[in-house]
Each structure stands twice: as C-alpha cells, then as structure tokens.
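Working notes, beginning with the structure itself.
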Amino acid sequence: MTAATRSLMTTASPPDSELDDAARLSVAVSLIPGVGMEPFTADLLPGGLTNRNYKVTTAGGRPLVVRLSSSQSAALTIDRDAEHHNAVAAASTGVAPAVLAYAPEVSALAIEWIDGHTFDAADLDDSATLVRVAETCRRLHAGPRFATDFDMFEVQRRYLDVVRSRGYRLPDDYLEFMPIVSVIRTALSVRAEPTVPCHNDLLAANLMSKGKRLWFIDYEYSGNGDPCFELGNLCSESHLSTDRLVELIAAYYGTATPGKIARAQLLGLMSNYGWTLWASIQAATSDLDFDFWAWGMDKYERALMFFKDPDLQDLITDVQEP
C-alpha cells in the first residue's frame, strides 16, 4: 500500500465498516505518543484469520504493527477491550510486544514491531525450544491477572449456540460426543488447577524469537485459564507428538506426572473439538480467501481419533488421581 492519506479523526468518526483501511490506520497511528500526525507508509502483512495486520513505517523510520479487526469478532466471542487490557498486562512481563495505541472506535490496535523470526510447527518440534517456550509460559502465567476468563468448555458451548441458532454447517455426528465432553469436564474438575493469565492460542505463528528471547503475540483469545490448556493446545496446534507434550509438561512443571499429562491431552482434545466450531463460524461469515471448513475438519478428525481411542478412559481416570 502506498503512503496512507492522513485525516484527523475524532471519537465521532464513522464506524469502521464505513472507513477504508487507510483511514483506520490514520486514526490508530495518530494516537501513538511521539508520532501524532507524522506521515507513514503501510504494507499488508501475511496471515491473520480474524483481522488484517499492517507493518507501518513512520516518516522518521519507526516501524510498528497496526491490526485492524473485523466486525465479525462478536460471533467468535472476542472482547477487544479485554484483548487490549490483556496485551498490556502481558507486555509488562516482557512476554508480549509493547502496546502503543488502541482505537476501539475503528477496531484498531498498534503494537511494537518485532524484528525477529516467526515460528512454524517445525520450530516447536525441538527439545531445547520447548524448554524456552515453557519458561515463557511460566513468565506470562505468573504475571498480572487478565480482564477475562477463558474456559474452552464454555467457549465451545457458545460457539455451538451460534452455529445451531444461525443454521451454520455442523460436522457429521458432532453432537454425538457431547456426553463424553461432559464426562471429561467432570473428571477435570476433580483436581481443578488454579487459573492463570493464559494466551490460549499458541499456534506456531503466534510465537516469535530473536536470539534467546521469545514473544507471544496476538491476545484475541487470552484470559485466565488452565495452564494445561495452554500446553495441550500448543502441542495440538503444531501436531506435536505425545513425547513432545511430555517434554513440555516436564519443562513447565519440573516433572511430568500421569495426571498432568492426561490433563493436557484431554484439554488438547477439547481444543480440537472447540476450534472446529470456530472454523464453522468463520466459514459462514468471513470474507477472507481461506478454506476455514477444511481447516476445521482437520481439527475435527483429530478430535474423533481421540474420542474413539480406547485409551481415553485411562486418561479420564489418570486426571482424577492425586
């Protein structure tokens, strides 16, 4: 994109649906201390399934990122005010990039640019890297409490209500596994973990590194939650083996007990089962050129394998043991 046209906006600006990206970028950048009305250029970054991300470079040479969120976020139960609060809290621990400006009237968030390496799944399939990830998770989890809570059982139920009430596509036999989900939820509650501020969406692309430092980016789904969901979801998103999950748990807790392993695996199952419905909603509402249904069916197929695994009952037993 060429240099964006500057125009001073106020809180009485038209809603973001009536503004083009250049105007929305202008609003966000104008709020950054020390930048104000300085001219800038903006280039669309790859990735982002619920928003568009731009690398903005000011006339003074300062790089930063501005994310423009979609109005469809409400169906995905994303709270942008909470996301902003949580991103600021995470940045205070050194785990997240600094938040530079927030313009809710145009659904825009400006953050520090990180000149580093964006992970892919292969990066996480490494013992030394998993130790670093566990250390970063502990730092985030020990930080300030987030504004909201995150429970995949609740999220999955809300997504299911949206899908069914709006007539969106539902995978074959999806509802048959709801009784098993209830059994799993009850088993997990026997030895419930204290909730901690979690990212909850640690797919590889949301991890960045430079030298020995790691950052977690994109706090759309952040909230106070179960640390084992964080670990199980991370391994599920990158298709890591059970051995890698055990390594990650050991690096996080100091040891990998059968109860913790079972907890992370069961919550990883719920990750696949719940995000399947996220994909169904996106397939019905998003204007992005991405096959959300195929992405969701991959999640669902892996959930089915787990639901039908004869070892599932052993995990349900293990997670309740002292």
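Annotations for the structure displayed:
- Verdict on D172 being assigned to a helix (DSSP H, G or I) and exposed (fewer than 14 other Cβ atoms within 10 Å of the Cβ): no
- Residue identified as touching a His at 6+ places or on another chain (Cβ under 6 Å) and either modelled with pLDDT of 95 or more or of a type in the set (G, A, S) (or both) among F216, F229: F216
- Any hit, the stretch 228-242, residues being aliphatic (A, V, I, L, M), out of contact with any Leu (no Cβ under 8 Å at 6 or more places or on another chain) and not in a helix (DSSP H, G or I): no
- Which numbered condition L109 fails, given (1) within 13 Å of L207 (Cα to Cα); (2) surrounded by 20 or more Cβ atoms within 10 Å (Cβ to Cβ); (3) in contact with a His (Cβ under 8 Å, 6 or more places away or on another chain): (1)
- Qualifying positions in the stretch 107-150 - closer than 15 Å to I78 by Cβ and out of contact with any Pro (no Cβ under 8 Å at 6 or more places or on another chain): S107, A108, L109, A147, T148, D149, F150
- Members of the stretch 175-202 found to be under 24 Å from Y102 (Cα atoms) and either part of a loop (DSSP other than H, G, I, E, B) or β-branched (V, I, T) (or both), listed by number: H199, N200, D201, L202
- In the stretch 43-81, the residues that are modelled with pLDDT of 95 or more and either buried (at least 18 other Cβ atoms within 10 Å of the Cβ) or in the same structural domain as Q282 (by TED's automatic domain parsing) (or both): Y54, V56, L64, V65, V66
- Top-ranked residue in the stretch 280-322 [being among the polar types (S, T, N, Q) and part of a helix (DSSP H, G or I); ranked as surrounded by the most Cβ atoms within 10 Å (Cβ to Cβ)]: S280
- Across the stretch 53-70, the qualifying residues are those that are in contact (Cβ under 8 Å) with a residue 12 or more places away in the chain and out of contact with any strand residue (DSSP E or B) (no Cβ under 7 Å at 6 or more places or on another chain), and the one among them that is nearest to L109 (Cα to Cα) is R62.
- Scanning the stretch 86-138 for residues that are in the same structural domain as L231 (by TED's automatic domain parsing), free of Cβ contacts under 8 Å to residues at least 24 places away in the same chain and touching a strand residue (DSSP E or B) at 6+ places or on another chain (Cβ under 9 Å) yields a single hit, T129.
- Filter pass, R244 being surrounded by fewer than 20 Cβ atoms within 10 Å (Cβ to Cβ) and out of contact with any strand residue (DSSP E or B) (no Cβ under 9 Å at 6 or more places or on another chain): yes
- Residues in the stretch 285-322 that are among the basic types (K, R) and over 20 Å from the mean Cα position of the chain (by Cα): K308 alone.
- For first residues located in the stretch 301-317 and in contact (Cβ under 8 Å) with a residue 60 or more places away in the chain and within 9 Å of N272 (Cβ to Cβ), partners that are of a type in the set (S, T, Y) and surrounded by 13 or more Cβ atoms within 10 Å (Cβ to Cβ) and lie 6+ apart or on another chain with Cβ distances below 6 Å form the pairs A303/Y273.
The values are calculated or read from the model by the stated rules, or taken from the named source; none is laboratory data. These numbers come from a predicted model, not from an experiment. Here Cβ is always computed from backbone atoms with ideal geometry, including for glycine, and neighbour counts include all displayed protein chains.
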